[in-house]
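Shown next, in structure tokens, is the structure this report addresses.
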Amino acid sequence: MRRLVILAAFLLAAPLQAQSDLPAAEWAYVQLPDPQMEADARELMLELRCLVCQGQSIADSDAEMAGDMRHLVRERMLAGDSPDEIRDYLVERYGEWVTYRPPASSLTLPLYAAPIILILAGLWLLRGRFTRRIKR
């Protein structure tokens, strides 16, 4: 019984070990001095997906990884990179999944075509339903 209690304590304490003791990155929670540059960085951060949270942008996430990505965005903006260059760098590093607006390609074509096809199919089904009622 004692071993079972010790095992349970270790299993329950495992998430606590996942927390980092490292300080946050310099630009993770600090805005850039130039308001226009910060606005551009913020706009880009809203387009980038947090790799940990998956459903939040890095601008909205409190995950440590999101803070590191915010730092990277602001640091590269200060270095003179454009938002497109930063986005391309992150897509190259993490894949197209990191952005909420993946570029149109043969792989992403179904993402863009599916809503149009579903709307057309729904309209076609509604048309069929209404023409049956009119013929009666």
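Read the figures in this text as sums done on the coordinates, not as results from a lab. Predicted model only: the values in this text are computed from it and were never measured. Glycine gets a Cβ as well: all are built from the backbone with ideal geometry, and neighbour counts include every protein chain shown.
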Query raised in the report: By how many degrees, between 0 and 90 and to the nearest 10, does the Cα long axis of helix 2-17 differ from the longest principal axis of the chain?
Result: 80
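Sum -39500 (n - 2.57) across every DSSP H segment of at least 4 residues in the chain, then divide by the residue count to get the 222 nm mean residue ellipticity, nearest 500. Don't skip to the answer; put the middle values down first.
Numbers: 5 runs with 83 residues, N = 136.
The helix contribution divided over the chain gives -20500 deg cm²/dmol.
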Query raised in the report: What's the extension gain from Asp62 to Asp84 if we count 0.36 nm per residue and subtract their Cα-Cα distance?
Result: 5.5 nm
Requested in this report: Report the charge-dipole magnitude of the chain in Debye, nearest 20, computed about the Cα centre from +1 at each Lys and Arg Cβ and -1 at each Asp and Glu Cβ.
Outcome: 1820
Requested in this report: Describe numerically, in nm with one decimal, the distance between label points set 7 Å from Cα along Cα→Cβ at Arg127 and at Leu46.
Outcome: 3.8
Query raised in the report: Using a ≥ b ≥ c from the Cα gyration tensor of the stretch 25-103 (square roots of the eigenvalues), is it rounded, prolate or oblate, where a/c under 1.5 gives rounded and otherwise the larger of a/b and b/c decides, a/b for prolate?
Result: oblate
Query raised in the report: If you stretched the chain out fully between Ile119 and Gln54, how much longer would it get, using 0.36 nm times the residue separation minus the C-alpha to C-alpha distance?
Result: 20.7 nm
Report summary line: Measuring from the longest principal axis of the C-alpha atoms of the chain, the long axis of helix 35-47 (C-alpha) lies at a number of degrees, nearest 10, equal to 60
Query raised in the report: Given the convex hull of the Cα atoms of the chain, what is a quarter of its surface area in nm²?
Result: 16.8
Query - Degrees, to the nearest 10: 83-94 long Cα axis against longest axis of the chain - result: 80
Query raised in the report: Suppose R0 equals 41 Å; then what is the FRET efficiency for Glu75 and Leu109 from their Cβ-Cβ distance, rounded to the nearest 0.05?
Result: 0.75
